[in-house]
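A.B. asks: This structure is in structure tokens; I'll ask about it shortly.
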Amino acid sequence: MLRPIATPGVIVMRWAACTALAAALAGCSAPSRKKLVNALFDGAGAPPPTRRLRRDLLQEIDGLKRQVAEQEAVTAAASSAQAPASEETAPARPIEAAKTWDEAAGALPKSADDGSVDWDAALEQGVIAPQPGVAPSAAVQATFPLDIEMVPESDPTYRVVFQHAPHTAWLSCANCHPAVFEPKRGANAVSMESIGQGRHCGTCHGPVAFSQDSCVRCHRALSEGGP
Amino acid sequence: MIRRLAVIVCLLCSAAAVVVAADGDVTFTRDGGGTDPAPAVFPHWSHRIRFRCYACHDQVFPMARNATRVTMDDIAAGKACGTCHNGRRAWAVTFETCNRCHPAR
């Protein structure tokens, strides 16, 4: 005989093994099930999804979609709760009750370098909670972590590291690119002259962001004692 | 004194809006140079403690200086300041609120 006759004991053992495997497959999550199936079948490519796997995956996708929808609803509710619908609603932050600039400025953190208002610190410390859009459902955009070092040939002491991160907490990419800065390295001849003329950094720094007289807030090496 | 000087400078400019103060106030000039009621002053700081720049720029107001023209009709139509100042998002522009933008002298 080429094949031995299966004894009742062997049959029971095989059934037990199959049941255990089925239970393990049913019990674990779809990704680990896929791994297990791949391991059992020698990893020879992912096996075509069985009807059951397919059903489980669809269920999982539905679950994730539900979670996303719930999160969006929570976020929307939170932002509409923050929205100052009228003057009767309590301000989201105490500073929003300020009636004059002096009053507001008194509550805002100041730069250690020159004592002027430090809006980035105000944002980080939660003194202000500026909303990202006119619509209550608007989302805060992610900040962009790219730093750009600019070293003047004349004197490296005056080098500046432009940080995208604090700027993108306030501004969208399109606010500056390409009208104010070409989005290309070396394509912008930034100088104190151009800034003084209200171009490049001077578009905002001076009129609405910290003053061009706050030298060390950009030229860090001047306050750190050398490049 | 600085404010008065700024207003005079603005009156000499033909542009619609000129940034004048260090804290980002924008004093508008009226076409034809009228001063009654006083041209509107936009307090940047008051908006900045509540909104990020990209909340209004460039969708509601262009960034470029002297590029913003605002009329009371625009505001009533829900454009420019009227995007929010409509009694729902922020206080409404009515005859009760004139001097919040057009400072009394």
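A.B. asks: Look through A:VAL180, A:VAL160, A:VAL208, A:VAL190 and report the one residue that is at the interface with chain B (Cβ under 9 Å from one of its Cβ atoms) and in contact (Cβ under 8 Å) with a residue 12 or more places away in the chain.
C.D. replies: A:VAL180
A.B. asks: Quick check: anything in region A:145-155 surrounded by fewer than 13 Cβ atoms within 10 Å (Cβ to Cβ), of a type in the set (Ser, Thr, Tyr) and out of contact with any helix residue (DSSP H, G or I) (no Cβ under 6 Å at 6 or more places or on another chain)?
C.D. replies: Scanning region A:145-155 turns up at least one residue that is surrounded by fewer than 13 Cβ atoms within 10 Å (Cβ to Cβ), of a type in the set (Ser, Thr, Tyr) and out of contact with any helix residue (DSSP H, G or I) (no Cβ under 6 Å at 6 or more places or on another chain).
A.B. asks: How about region A:134-157: which of its residues are in contact with a Lys or Arg (Cβ under 8 Å, 6 or more places away or on another chain), modelled with pLDDT of 95 or more and within 14 Å of chain B (Cβ to nearest Cβ)?
C.D. replies: If the condition is that a residue be in contact with a Lys or Arg (Cβ under 8 Å, 6 or more places away or on another chain), modelled with pLDDT of 95 or more and within 14 Å of chain B (Cβ to nearest Cβ), then A:VAL140 is the only one that fits.
A.B. asks: Going through B:ARG100, B:ARG50 one at a time, which residue ends up being closer than 22 Å to A:ASP118 by Cβ, within 12 Å of chain A (Cβ to nearest Cβ) and of a type in the set (Lys, Arg)?
C.D. replies: Values: B:ARG100 fails: closer than 22 Å to A:ASP118 by Cβ.
Every option except B:ARG50 fails the conditions.
A.B. asks: So, one more: Could you grab me the full set of residues in region A:150-209 that are of a type in the set (Ser, Thr, Tyr) and in contact with a Phe, Trp or Tyr (Cβ under 7 Å, 6 or more places away or on another chain)?
C.D. replies: Matches in region A:150-209: A:THR168, A:SER172.
A.B. asks: Give the residues of region A:50-102 that are at pLDDT 80 or above and not in a helix (DSSP H, G or I), sorted by residue number.
C.D. replies: A:ARG93, A:ALA98, A:LYS99, A:THR100
A.B. asks: I would also like to ask the following. May I ask you to verify whether B:ARG69 is closer than 29 Å to A:GLN141 by Cα and not hydrophobic (A, V, I, L, M, F, W, C)? If you could, list the steps in order and put the result at the bottom.
C.D. replies: Numbers: closer than 29 Å to A:GLN141 by Cα: yes; not hydrophobic (A, V, I, L, M, F, W, C): yes.
Spelling it out, B:ARG69 is indeed closer than 29 Å to A:GLN141 by Cα and not hydrophobic (A, V, I, L, M, F, W, C).
A.B. asks: Check B:ALA67 against each of (1) within 12 Å of another protein chain (Cβ to nearest Cβ); (2) exposed (fewer than 15 other Cβ atoms within 10 Å of the Cβ); (3) out of contact with any strand residue (DSSP E or B) (no Cβ under 9 Å at 6 or more places or on another chain) and name the one condition it does not meet.
C.D. replies: Looking at each condition in turn, B:ALA67 falls short on (3).
A.B. asks: Sticking with this structure for a sec: Yes or no: region B:23-30 includes at least one residue that is in contact with a His (Cβ under 8 Å, 6 or more places away or on another chain), buried (at least 19 other Cβ atoms within 10 Å of the Cβ) and on the phi > 0 side of the Ramachandran plot.
C.D. replies: Looking only at region B:23-30, we keep the residues that are in contact with a His (Cβ under 8 Å, 6 or more places away or on another chain), and these are B:23-26.
If we keep only those that are buried (at least 19 other Cβ atoms within 10 Å of the Cβ) too, we end up with B:24-26.
Subsequent filtering for residues that are on the phi > 0 side of the Ramachandran plot retains B:24.
Within region B:23-30, one or more residues are in contact with a His (Cβ under 8 Å, 6 or more places away or on another chain), buried (at least 19 other Cβ atoms within 10 Å of the Cβ) and on the phi > 0 side of the Ramachandran plot.
A.B. asks: In region A:211-227, which residues are away from chain B (no Cβ under 12 Å) and either touching a strand residue (DSSP E or B) at 6+ places or on another chain (Cβ under 8 Å) or touching a residue at least 24 places away in the same chain (Cβ under 8 Å) (or both)?
C.D. replies: A:VAL216, A:ARG217, A:CYS218, A:HIS219, A:ARG220, A:ALA221, A:LEU222, A:SER223, A:GLY226, A:PRO227 - these are the residues of region A:211-227 that are away from chain B (no Cβ under 12 Å) and either touching a strand residue (DSSP E or B) at 6+ places or on another chain (Cβ under 8 Å) or touching a residue at least 24 places away in the same chain (Cβ under 8 Å) (or both).
A.B. asks: While we're here: May I ask you to list the residues in region A:95-128 that are touching a residue at least 60 places away in the same chain (Cβ under 8 Å) and either more than 22 Å from A:HIS219 (Cβ to Cβ) or more than 29 Å from the chain's Cα centre (by Cα) (or both)?
C.D. replies: A:ASP114, the sole residue that qualifies.
The values are calculated or read from the model by the stated rules, or taken from the named source; none is laboratory data. Keep in mind the model is a prediction, meaning the values are calculated, not measured. Neighbour counts run over all protein chains shown; Cβ positions are idealised from the backbone, glycine included.
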